[in-house]
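Data first, discussion second: the structure below is written as structure tokens.
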Amino acid sequence: MHWGHAVSKDLVHWKELPIALYPDSLGNIFSGSAVVDSNNTSGFGKNGKIPLVAIFTHHDPKGADAGKNNFQNQSLANSLDGGYTWTKYAGNPVLRNPGITDFRDPKVSWYKPGKKWVMTLAAKDRITFYSSPNLKNWSKESEFGQTLGAHGGVWECPDLFPLKLNGKTHWVLIVNLNPGGPNKGSATQYFVGQFDGHNFTTTDTTTKWLDYGPDEYAGVTWGNTGNRRIFLGWMSNWLYGTQVPTTTWRSAFTIPRELKLFSYNRSIFVGSLPVEEFGLLKTKTFTFKNLDLKRSHDFTGLTGKVSG
């Protein structure tokens, strides 16, 4: 398990670059996130260069095979060239497993009111929040979700971020789940509430799903995108993700989407649309009138290329 690397100027056309992070003596490289450490809180910056810091899960398969419950720990790597090359931190891991089987997928962001980094981490069947002043030393803040949401499988790849609705800030907590989705297998649930730098709370106990189709999983978002919150997921499902009949590649990413809040029946939901950059693919528009789709399912009379 490695961290791949691809870059894009428009979220539509992507260029694949060399592998970013390779497995090492501490284990394979599982999911995580990366931040821009603008204030150099980590001390990784040199000669005025602002470091990018990756926070990821080290997964030691030998520990798992031996039946140990501490084979997943959180580690760091940094880049001083915009993310093209990475150096792992000599002091890894920076957050050690407390002795549970599932302890992974750190999503980190800067919490400005508290002047600290906040890590949202999947821990068994709940989310655990940690904080740090420097990305190296972490303290546990709280837990969420043991008795809320769907628990048909393991919680994975969480994300926490603010969105505004009618001028008011709400916090969204994304939690990916496998299995237990609404159409079996993998799925993405979410909660809308408030976060005070220590605890995430929600008054709506309804289980909400970002997608009801089966082919979106492990989706998380970008920060530093202005007023937009852009979401990207894995376009597959663990029900069959390892059985795709291909030889040189397997699965794909979803279309990047912008997330926004909307209200319905006194409840707040997360909606999504393809990012506006996909308008670049529009070439020609066709308009069909007076189609009666209820009468027949025979579409052989419709010809021509439709795009956009």
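Below, the figures for the structure above:
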item: Relative contact order of region 1-109, defined on C-alpha pairs under 8 angstrom at six or more residues apart (%); result: 24 percent
item: Too-long pairs where the Cα-Cα distance tops 32 Å, listed order kept, from K115/K164; K116/K168; K184/K260; K9/K124; K46/K168; result: K9/K124; K46/K168
item: Residues H5 and A66, FRET efficiency given R0 of 51 Å [Cβ-Cβ distance, rounded to 0.05]; result: 0.95
item: Residues E276 and L17, FRET efficiency given R0 of 30 Å [Cβ-Cβ distance, rounded to 0.05]; result: 0.75
item: Calculated FRET value between T207 and S139, using beta carbons and R₀ = 22 Å, to 0.05; result: 0.15
item: Amide proton proximity set for V154, modelled H, under 5 Å, gap of 5+; result: N178
item: The chain - mean residue ellipticity at 222 nm from DSSP helices (-39,500 (n - 2.57) per run, n ≥ 4, rounded to 500); result: -500 deg cm²/dmol
item: Built amide H within the under 5 Å cut-off of T254, gap 5+; result: G233, W234, M235
item: Cα centre as origin, Lys/Arg/Asp/Glu Cβ charges: the chain dipole, Debye; result: 600 debye
item: Percentage relative contact order, region 132-243, counting C-alpha pairs under 8 Å, at least six apart; result: 21 percent
item: Reachable aspartates and glutamates from K15, criterion Cα separation under 20 angstrom, eight or more residues apart if same chain; result: D81, E276, E277
item: Normalised contact order of region 1-57, rounded percent, pairs of Cα under 8 Å and 6 or more residues apart; result: 30 percent
item: For region 125-138, Karplus couplings with θ = phi - 60° (6.51, -1.76, 1.60), whole Hz, Gly/Pro x; result: 9, 7, 10, 10, 9, 10, 9, 7, x, 9, 6, 10, 10, 10
item: Length released on extending from L291 to T248, taking residue separation times 0.36 nm less the Cα-Cα span; result: 11.3 nm
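Quick note: the coordinates plus some simple rules give every number you see, no bench work behind them. Every value quoted in this text rests on a predicted model; they were computed, and no experiment measured them. Glycine gets a Cβ as well: all are built from the backbone with ideal geometry, and neighbour counts include every protein chain shown.
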